[in-house]
Amino acid sequence: MNSLEANAREPRATARAHAAFALAFAAFVLAGCGGGGGGGGGGGGLPIFLPPTTTPPTTTPPTTTPPASGGNDDTIVASSTVAGLCAAPRTGTNPETGTAYPDKAGTLTDEKRWVRGWIDETYLWYGEVPTNLKAADYATPVAYFSVLKSPALTASGRAKDRFHYVYDTERYRQLSEAGVAPGYGMEFAFVRNSRPRDLRIAFTEPGSPAAGAGIARGAKVLEVDGVDVIEGTSTTVINRGISPTTVGESHTFKLQEGTATRTVTLTAASITRTPVQNVKTIDTGSGRVGYLLFNDHITTSEAQLIDAVNQLKQDGVQDLVLDMRYNGGGQLNIASRLATMVSSPTATSGKTFERLVFNDKNPFRLTPAQTVIPFHARSRSGAELPRLGLSQVTVLVGPDTCSASESVINSLRGVEVQVNLVGGATCGKPYGFSPQDNCGTSYFAIQFQGVNAKNFGDYGDGFAPSCTVADDFDHALGDPTEARLAAALAMRNGGACPASASTKTLPGLEKSEAAAEQPYLLQRTPLREIRLLGAAPAPS
């Protein structure tokens with residue numbers, strides 16, 4: 001059983017959840033940017049023409065359609081007393097456990113009572129949930145859940161809780177078991193999501209249908225299945241095309257590559273992601289600089305990161321440019337090991353990588369020691385990790401840099417490693433949750449905040465870059481002339497952000513528009529937008 005499977009098996013009764021969590025210290029997930037979605041040609045999710053941080057409505061929905069179960073009792077009860085009481089109980093065998101579903105006949109009122117009790121018990125900001133919300137005003141438990149969150153704003157005026165969402169439990173299970181969704185092996189990114197739209201290919205996976213068709217970073221999508229992307233108003237066909245739901249599904253794309261255009265038909269396949277790519281050493285006038293593109297904190301990335309660090313160490317690099325502009329997160333133990341390999345034993349030995357802070361009810365009954373994640377010095381197999389021994393590192397970032405990726409930045413800064421950021425502001429997600437199933441819906445609500453060794457974790461607006469540079473779709477990732485990498489190299493030589501980098505605008509945008517509209521990836525699955533703690537303790 002992998003760790004995400006452990007999440008889906010979280011017991012319904014709160015008391016059992018407390019015991020399971022304290023014993024295994026597992027099943028915690030930290031969300032990335034936005035509330036769900038499909039990934040890079042993955043399955044389903046947010047409409048492509050909405051911003052990446054779209055969340056459920058924060059206003060009371062119309063009440064012209066009364067709740068199916070009625071009810072106006074808003075007394076908060078223990079979630080364990082109404083768990084599994086469902087308006088439409090599941091029947092048959094739960095594929096997760098091999099046993100019958102525990103659902104029993106209940107009502108929508110029971111489900112809404114469970115939601116309210118669970119929020120009161122585990123939500124990080126339970127005291128900020130408005131007290132004037134009436135369950136009877138909401139037709140479904142999902143609609144009720146959508147408003148049971150803090151209304152507070154960050155310093156910039158964004159909602160503090162932008163990460164409150166739900167997911168169909170069975171679909172979530174299938175995604176967690178498969179690890180990937182059907183796709184073409186290419187990541188779509190909006191350079192501009194208002195008309196005239198600019199939809200680009202951010203990168204492709206080696207060996208994928210997209211790579212086989214010769215599609216590369218920077219290709220502009222003009223049409224999907226004959227529907228205009230740039231000025232079109234109908235998005236259904238486009239959404240279906242960029243987010244195939246089954247292997248073997250085919251769709252046609254009209255692409256502009258440089259000055260040429262072509263139409264290509266792609267068939268969705270099961271994509272094996274290559275999380276570490278383009279590892280190289282760049283010779284500069286002031287020394288050798290390592291570069292690597294890191295896209296996913298997934299299990300296979302550990303060995304690839306170790307190989308990359310060994311290669312760069314053998315090459316004698318003196319600095320590192322870590323490209324995480326598209327890394328939405330993943331396993332926290334991978335993030336810890338990456339940070340360890342970048343830094344020195346002096347900086348990290350015996351230090352806290354991240355500490356988890358819960359509400360004052362300590363809902364999962366953890367001891368202080370159980371809330372601490374160390375800098376892991378060994379791989380999961382127990383082998384000592386290689387180290388670059390750097391006192392500073394440059395990270396290429398943007399709005400897709402989320403969760404575990406932000407944890408790498410914050411945790412290194414917590415032990416006095418200088419982290420220079422080049423690109424755009426990160427997504428701002430220091431918060432985490434354990435998804436909980438009830439009656440076939442998995443609910444995701446913030447339950448903890450991660451802080452570094454200096455007890456800092458207040459970056460709800462993201463980390464601002466040291467040098468603001470627009471994403472450059474005209475050059476390959478890892479090309480020293482690509483704008484963000486070029487700026488990082490120039491900063492190393494000159495010590496300051498090049499003036500040309502901070503003033504460069506996105507293609508087709510005025511400078512004022514560029515400040516407000518940064519490119520972002522489309523429809524990544526929740527499995528690529530998380531921070532995950534493994535169930536088994538790792539060697540330290």
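Backbone geometry of segment 149-164 corresponds, through the Karplus equation with coefficients 6.51, -1.76 and 1.60 at θ = phi - 60°, to 3J(HN,Hα) couplings of 8, 5, x, 5, 10, 7, 4, 8, x, 7, 4, 4, 9, 9, 10, 8 Hz, x marking Gly and Pro. Here the label points at Thr99 and Thr75, each 7 Å from Cα along the C-beta direction, are separated by 3.1 nm in the simple model.
At a 10 angstrom cut-off on C-beta neighbours, averaged per residue, how do the peptides 201-214, 227-240 rank from highest to lowest? If you can, show how the numbers build up before the last one.
Numbers: 201-214: 19.5, 227-240: 14.8.
Highest to lowest by the protection proxy: 201-214, 227-240.
Cα-based values for segment 368-478, radius of gyration first and Dmax second, are 16.7, 50 Å. Projecting the Cα positions of Ala211, Thr233, Thr259 onto the charge dipole of segment 182-270 (unit charges on Cβ atoms of Lys, Arg, Asp and Glu, taken about the Cα centre) puts Thr259 furthest along the positive direction. Put simply, the amide H of Asn438, placed in the peptide plane, has neighbours under 5 Å in Tyr443, leaving out anything fewer than 5 places away on its chain. Residues whose amide H comes within less than 5 Å of that of Asn94, counting only those at least five positions distant or on another chain, are Thr99, Ala100, Tyr101 (H built at 1.01 Å from N in the peptide plane).
Taking every pair of distinct Cα atoms and averaging 1/r, then inverting, what Kirkwood hydrodynamic radius in Å comes out for segment 262-393? One decimal place: 16.7 Å for the Kirkwood radius. Once you reduce segment 429-494 and segment 325-398 to the center of their Cα atoms, the two points are 15 Å from each other.
Taking the number of other C-beta atoms within 10 Å as the exposure measure, put Trp118, Trp125 in order starting with the fewest.
Numbers: Trp118 25, Trp125 19.
With the sparsest Cβ surroundings first, the list reads Trp125, Trp118.
Counted by neighbouring Cβ atoms within 10 Å, the residues Ser442, Ser391 run from fewest to most as Ser391, Ser442. Cross-link reach is defined here as a Cα-Cα straight distance under 15 Å, omitting same-chain residues fewer than 8 places apart; for Lys160 the aspartates and glutamates meeting it are Glu128, Asp458, Asp461. The lysines within cross-link reach of Lys254, meaning a Cα-to-Cα straight distance under 18 Å and a gap of 8 or more places when in the same chain, are Lys220. Its alpha carbons give segment 182-270 an Rg and a Dmax of 12.0, 34 Å. Think of segment 73-217 as a dipole: +1 on every Lys or Arg Cβ, -1 on every Asp or Glu Cβ, centred on the Cα centre; then among Leu199, Leu148, Ala87, Leu199 lies furthest on the positive end.
Taking the centroid of alpha carbons for each part, segment 243-276 and segment 116-165 are 38 Å apart. Ranked by the mean number of other Cβ atoms within 10 Å of their residues, highest first, the peptides 188-200, 318-330 fall in the order 318-330, 188-200. Derived scalar couplings between HN and Hα for segment 336-348 equal 4, 5, 4, 4, 4, 5, 6, 9, 10, x, 4, 6, 10 Hz in order, rounded to whole Hz, by the Karplus curve 6.51 cos²θ - 1.76 cosθ + 1.60 (θ = phi - 60°), x for Gly and Pro. Quick check: net charge around Asn359, other residues with Cβ under 12 Å of its Cβ, Lys/Arg +1 and Asp/Glu -1? Neighbourhood net charge equals -3. 3J(HN,Hα) couplings calculated from phi for segment 95-106 with the Karplus curve 6.51 cos²θ - 1.76 cosθ + 1.60 (θ = phi - 60°) are, in sequence order, x, 5, 10, x, 10, 5, 4, x, 4, 10, 5, x Hz; Gly and Pro show x.
Each reported figure results from applying straightforward, stated rules to the coordinates on display, with no laboratory input. Every value quoted in this text rests on a predicted model; they were computed, and no experiment measured them. Quick reminder, even Gly has a Cβ in these numbers, built from the backbone with ideal geometry, and neighbours come from all protein chains shown.
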